[in-house]
1. Here are L82, L65, L35: which of them is closer than 29 Å to S157 by Cα and more than 16 Å from the ligand (Cβ to nearest atom)?
2. Of all residues being within 15 Å of N88 (Cα to Cα) and more than 13 Å from the ligand (Cβ to nearest atom) in segment 224-252, which is surrounded by the fewest Cβ atoms within 10 Å (Cβ to Cβ)? Just the residue, please.
3. Which residue out of K114, K121, K201, K210 is under 30 Å from D251 (Cβ atoms), basic (K, R) and in contact with a helix residue (DSSP H, G or I) (Cβ under 9 Å, 6 or more places away or on another chain)?
4. Considering segment 168-223 alone, what residues qualify as being exposed (fewer than 13 other Cβ atoms within 10 Å of the Cβ) and in contact (Cβ under 8 Å) with a residue 40 or more places away in the chain?
5. Looking at this structure, is A122 farther than 12 Å from I85 by Cβ, at pLDDT 95 or above, out of contact with any Leu (no Cβ under 6 Å at 6 or more places or on another chain) and among the aliphatic types (A, V, I, L, M)?
6. Enumerate the pairs (first residue in segment 1-27 and more than 27 Å from K114 (Cβ to Cβ); second residue anywhere and more than 11 Å from the ligand (Cβ to nearest atom) and basic (K, R)) with beta-carbon separation below 8 Å, excluding pairs fewer than 6 apart on the same chain, so at least 6 apart or on different chains.
7. Criterion first (touching a Ser or Thr at 6+ places or on another chain (Cβ under 8 Å), away from the ligand (no atom under 15 Å from the Cβ) and of a type in the set (S, T, Y)) does S169 satisfy it?
8. Is one or more of the residues making up segment 174-197 part of a loop (DSSP other than H, G, I, E, B) and under 22 Å from E69 (Cα atoms)?
Amino acid sequence: MSHSVKGRSVLVTGGSKGIGKGIARVFAHAGARVLILSRKLYDAKATADEIGHGAFGIAGDVTSLDSMEAAVAEAAHKNGGLDVICANAGIFPAARLEDMTGAQWDETIVTNLKGTFHVIKAAIPYLKRSDQGRIVITSSITGPITGFPGWAHYGASKAGQLGFMRTASLELAKYGITVNAVMPGNIMTEGLLGNGEEYIKSMEACVPLKRLGTPDDIGHAALYFASKEASYVTGQTLIVDGGQTLPESLDALVQA
Ligand code: NAP
């Protein structure tokens, strides 16, 4: 099935690398006019050039509402409006609870959770003018479903995004804007590589489909939520994890 986003103006936060880059690539190949946002303008522009199909790089920091207001205004000006926001930018620095500082907690919550609020709040006036306003949030299985030592703050931010999404979808329904979230499992990205080879091997072993996900796997899920065909779907989640959250026990994984 092909999903209709041809000609749509799409802003992807954290689009210069990893999952965001996969989302940007999938949308660009589907004919959308993609705007890639990251803090480093050089990286955003380099990724846009690599993806081609008219993709364009802009700078912005999701931790600042002012920055997001300026970035969405620039994006809307460049493309003559905005139809889709992929709120994807996020960080996952590990810190065990006993060692975690308040600053570490704040950095992760402010980037992942408040950053989601910032870009969506800034984009609402533009999305209201679209006849296909869509918001797709990149959450995670970590937090809403699973836990992992070192990521209490991260898990809280990712679960928080889903709580935010459910009320946002209610408030924005009157404008025909839908709000949904993709929940990736372990996806091979630059950010994930930072967790080390051992982590990646142990994660691969836990996935029934026996591989980590690709950024494009998440891009295709986001594409569905952003499409015309998904116009009656709002406030929902889609887990894309190769079955990682399915086994009830180690036996259920090994014996299968
Ligand atoms: P990544 O490879 O580290 O890429 C992160 C992207 O976000 C980069 O483009 C980065 O660019 C941007 N970014 C970071 N902080 C930002 C800020 N304050 N303002 C604007 N852009 C910012 O990470 P990833 O693995 O693709 O993860 C992307 C999203 O997927 C995150 O929300 C993460 O929680 C979620 N996720 C990832 C996995 C996984 O297995 N990889 C699993 C579940 C969920 P700059 O540094 O230039 O700003």
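The values are calculated or read from the model by the stated rules, or taken from the named source; none is laboratory data. Fair warning: this is a prediction, and the values are worked out from it, not measured in the lab. Note: ideal-geometry Cβ built from the backbone for every residue, glycine included; neighbour counts use all protein chains shown.
1. Of the residues listed, the single one that is closer than 29 Å to S157 by Cα and more than 16 Å from the ligand (Cβ to nearest atom) is L82.
2. Checked segment 224-252; the qualifying residue surrounded by the fewest Cβ atoms within 10 Å (Cβ to Cβ) is F225.
3. Unique residue meeting the criteria: K210.
4. L170, E190
5. no
6. As it stands, the answer is H3/K228; S4/K228; V5/K228; G7/R33, since those pairs meet every condition given.
7. So S169 fits the description; yes.
8. Within segment 174-197, one or more residues are part of a loop (DSSP other than H, G, I, E, B) and under 22 Å from E69 (Cα atoms).
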